[in-house]
Amino acid sequence: MTHMFLLCCLVFLLPTESCRTLCQAARQSKEEVSARTHGTCNGVCVNNSNCTQPCPPDTPGNVGFVCRQKKWYKITDTCRTLTAFNIFEEDSAIMGAAPTSTKIYEDVKSEAIADMLLQRCPKDLSCVITNIRRSPRIPGNIAVIVQLLHNISAAELITNVDKTKMQSYSIMANHILDSKSISNWTFIPEKNSSCVLLHSVNTFARRLLINKHPIDIPDAFIHTMGTIISGDNNGRNLTFSMRVNDTRNNVTGRVLISRDEVQKVRSPSQLVSIAFPTLGAILEASLLEKNTVNGLVLSVILPQELKRISLVFEKIRNSEGGQTQCVGWHSFESRWDQHACEMIQENSQQAVCKCRPSKLFTSFSILMSPHTLESPILIYITYIGLGVSICSLILCLSIEALVWSRVTKTEISYLRHLCIANVAATLLMADVWFIVASFLSGPKAHHDGCVAATFFVHFFYLSVFFWMLAKALLILYGILIVFHTLPKSVLVASLFSVGYGCPLVIAVITVAATEPGKGYLRPEACWLNWDRTKALLAFVVPAVVIVAVNLITVTLVIVKTQRPAIGSSMFQEVRAIVRISKNIAILTPLLGLTWGFGIATVIDDTSLVFHILFSLLNAFQGFFILVFGTILDPKIREALKDRITSAKWISRASENLSSDYSCHPTKGPS
């Protein structure tokens, strides 16, 4: 759980730094889809309208376009030259005309090619390699090859995969993993094609049989290594070194298994690992991932006894300004998951991760995620500030309870202290639930606990804002309207309805609308989701609106108190300035205006200074309420002083009474 998800409620995304290597191709491909015209349509271009154009003659498929700003942009492309009839070697006219019947289109979508492949060359799967290598890497052909690889890996006839079959399989995958094909993945209608490819390669590699000698199958964009491990080994180290683009630059990745882990293996077992230099960029491009893979993607297939492995990733580029994470690919949810790994060591050149392979996580990498500005300073400020605030709020409520009868004699003072007490109470509960949520390991491990914690954090922080709004409305009511026009009971009921009723309605509707579809929580933290359902808006919108209303209230108070009398002296003007400054200092924490500083983090979201300022002002809000709302109130100080004095008098009187009894003991009967 990120430490700033509440304190920086106005910050959603931080800008990504530019990429100069392979992963830049993924981002560029996505930008180019919306920035460059890819073709034309015969129809009239109206914004958000769609049209479909046929592929070139004798080529199955079609091209889809969307109209944006009076220009047609390509969004899908199913044109293909590979079919069930020309993919095999004996049909050498692959680049020539292909029949365009509906039957062929259906064959490509079915298992026909895989079935024919297993019939014609079951020993080595090589009878399609030549024509696949010759085929252009257009989106339609990529989709055909992905489907072919998927069908091969799912075929029940293939039980034992030897090195020859694995080589043929790798050659087919290598063709569509080429760096030149990355942008074309964005036009495949089935956006999960890259996930299907990764799953298919891992499934096929699980059937690989390794004899006495290790297996090493290097290709430019997929590298497979396998070996045998047993309890009497000292450990294993599989090292990959692969080019990340068309230059000479290589990036390394290592799979490390310690001696202690290897000794857990009872009998000789297989270890298979596959490295992908371009798959991270392809996943980013095809799934529109916001995170950028900053190294190789490593798939590992291990014996069941091994629960932990170490992975060393050399970084493609420096990740300063972005958060580096060790992640595993979640096969069911098709996303990177940071709970699969933990960072052990990191520097500007590489990252060392410790990961736990499972049925859900078999592929791992590192990300340069710019969504969260990580800094130890912010962590210390947040939790130290929350600790101080919780103690301050407890003290504030204790003082209010101690002097309540003395400072609430009038209706105005009663309502004022009622607001202050409820602001302190709701903020105290919100801070406590914030800490509870931060100690939960995340929605995956503690889903029900995260839902409960998120609901209460959401409800109590909203209650803080709405009680601040209630206090602001009370001030406006006193300034603009004759105060005693409404009965006290009506005003109290109205304050509680605003302070607790509105937040409860918003919090309940949010969880009821998003949780059934698993869109209530963020994948990595116990807090409201943003990427899928925008549930975070149920907190941000009320908070921003209330801060704006409270800012107007403070402005009216300043205008009301700054009117100097005609011919006033310099001393009177100075007193007016002091009075205005005091009002601002008191009302700013009580009305939550410090949350408005979050706008600065949106304007310049990479500035650590703005984040530190915002965290300081909000983490210590409870302390500010104690100081400006309680301690600096002269009536509270006077009542507290009287209470202490009366307590001393009672204590002294009891002592005197005690000594009276000791000086005049009763005399018993003789």
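The values are calculated or read from the model by the stated rules, or taken from the named source; none is laboratory data. No experiment lies behind these values; they were computed from the predicted model shown. As a convention, Cβ positions derive from the backbone with ideal geometry for all residues, glycine included, and neighbour counts pool all protein chains shown. For the accessible areas, the whole protein counts, side chains as well, though only heavy atoms, and no ligand, DNA or RNA atoms are used. Shrake-Rupley method; radii C 1.70, N 1.55, O 1.52, S 1.80 Å.
Here are the numbers for the structure shown:
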quantity: Pair list, Cβ under 9 Å, 6 or more apart: the range 328-351 residue β-branched (Val, Ile, Thr), other residue open to solvent by 60 Å² or more (accessible area, probe 1.4 Å); calculated: Ile344/Lys354
quantity: Which numbered condition Leu474 fails, given (1) open to solvent by 50 Å² or more (accessible area, probe 1.4 Å); (2) at pLDDT below 95; (3) more than 25 Å from the chain's Cα centre (by Cα); calculated: (1)
quantity: Meets criteria (aliphatic (A, V, I, L, M) and closer than 30 Å to Asn291 by Cα) for Ala525; calculated: yes
quantity: Criterion (under 16 Å from Ala205 (Cβ atoms) and open to solvent by 20 Å² or more (accessible area, probe 1.4 Å)) met by exactly one of Ser273, Ser299, Ser269; calculated: Ser269
quantity: Members of the range 612-627 found to be assigned to a helix (DSSP H, G or I) and among the aromatic types (Phe, Trp, Tyr), listed by number; calculated: Phe614, Phe623, Phe624
quantity: Residue list for the range 333-362, filter: open to solvent by 40 Å² or more (accessible area, probe 1.4 Å), among the hydrophobic types (A, V, I, L, M, F, W, C) and within 18 Å of the chain's Cα centre (by Cα); calculated: Met343
quantity: Residue, farthest from the chain's Cα centre (by Cα), within the range 372-410, restricted to residues that are at pLDDT 90 or above and polar (S, T, N, Q); calculated: Ser398
quantity: Single condition Thr553 does not satisfy, out of (1) hydroxyl-bearing (Ser, Thr, Tyr); (2) part of a helix (DSSP H, G or I); (3) free of Cβ contacts under 8 Å to residues at least 60 places away in the same chain; (4) buried (at least 19 other Cβ atoms within 10 Å of the Cβ); calculated: (3)
quantity: Filter pass, Ala281 being touching a helix residue (DSSP H, G or I) at 6+ places or on another chain (Cβ under 8 Å), open to solvent by 10 Å² or more (accessible area, probe 1.4 Å) and in contact (Cβ under 8 Å) with a residue 24 or more places away in the chain; calculated: no
quantity: Residues being under 16 Å from Asp124 (Cβ atoms), among the aliphatic types (A, V, I, L, M) and at pLDDT 90 or above - total across the range 145-175; calculated: 8
quantity: Some residue of the range 496-517 being out of contact with any Gly (no Cβ under 6 Å at 6 or more places or on another chain), small (Gly, Ala, Ser), surrounded by fewer than 18 Cβ atoms within 10 Å (Cβ to Cβ) and under 29 Å from Thr555 (Cβ atoms); calculated: yes
quantity: Verdict on Ala424 being open to solvent by less than 10 Å² (accessible area, probe 1.4 Å), at pLDDT 85 or above and either part of a helix (DSSP H, G or I) or over 30 Å from Val255 (Cβ atoms) (or both); calculated: yes
quantity: Of all residues in the range 108-129 being over 14 Å from Phe88 (Cα atoms) and at pLDDT below 85, the one that is surrounded by the most Cβ atoms within 10 Å (Cβ to Cβ); calculated: Glu111
quantity: Any pair with Cβ under 7 angstrom, 6 or more apart, that starts in the range 149-161 at a residue that is touching a residue at least 40 places away in the same chain (Cβ under 8 Å) and ends at one that is part of a loop (DSSP other than H, G, I, E, B) and open to solvent by 60 Å² or more (accessible area, probe 1.4 Å); calculated: Asn151/Glu111; Asn160/Leu209; Val161/Leu209
quantity: The lone exception for Ala220 - which of (1) under 23 Å from Ser183 (Cβ atoms); (2) surrounded by fewer than 17 Cβ atoms within 10 Å (Cβ to Cβ); (3) touching a residue at least 60 places away in the same chain (Cβ under 8 Å) it fails; calculated: (3)
quantity: Hits in the range 130-167 (condition: open to solvent by less than 50 Å² (accessible area, probe 1.4 Å) and among the basic types (Lys, Arg)); calculated: Lys165
quantity: Residue in the range 400-410 that is farthest from Lys635 (Cα to Cα), counting only those that are of a type in the set (D, E, K, R) and surrounded by 15 or more Cβ atoms within 10 Å (Cβ to Cβ); calculated: Glu400
quantity: Sole residue being open to solvent by 10 Å² or more (accessible area, probe 1.4 Å) and closer than 19 Å to Phe276 by Cα, chosen from Ser200, Ser241; calculated: Ser241
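For (1) outside any loop (DSSP other than H, G, I, E, B); (2) closer than 19 Å to Val272 by Cα; (3) small (Gly, Ala, Ser), each residue gets a yes or a no:
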{"site": "Ser126", "(1), (2), (3)": "no, no, yes"}
{"site": "Arg133", "(1), (2), (3)": "yes, no, no"}
{"site": "Asn141", "(1), (2), (3)": "yes, no, no"}
{"site": "Leu149", "(1), (2), (3)": "yes, yes, no"}
{"site": "Glu156", "(1), (2), (3)": "no, no, no"}
{"site": "Thr164", "(1), (2), (3)": "yes, yes, no"}
{"site": "Ala173", "(1), (2), (3)": "yes, yes, yes"}
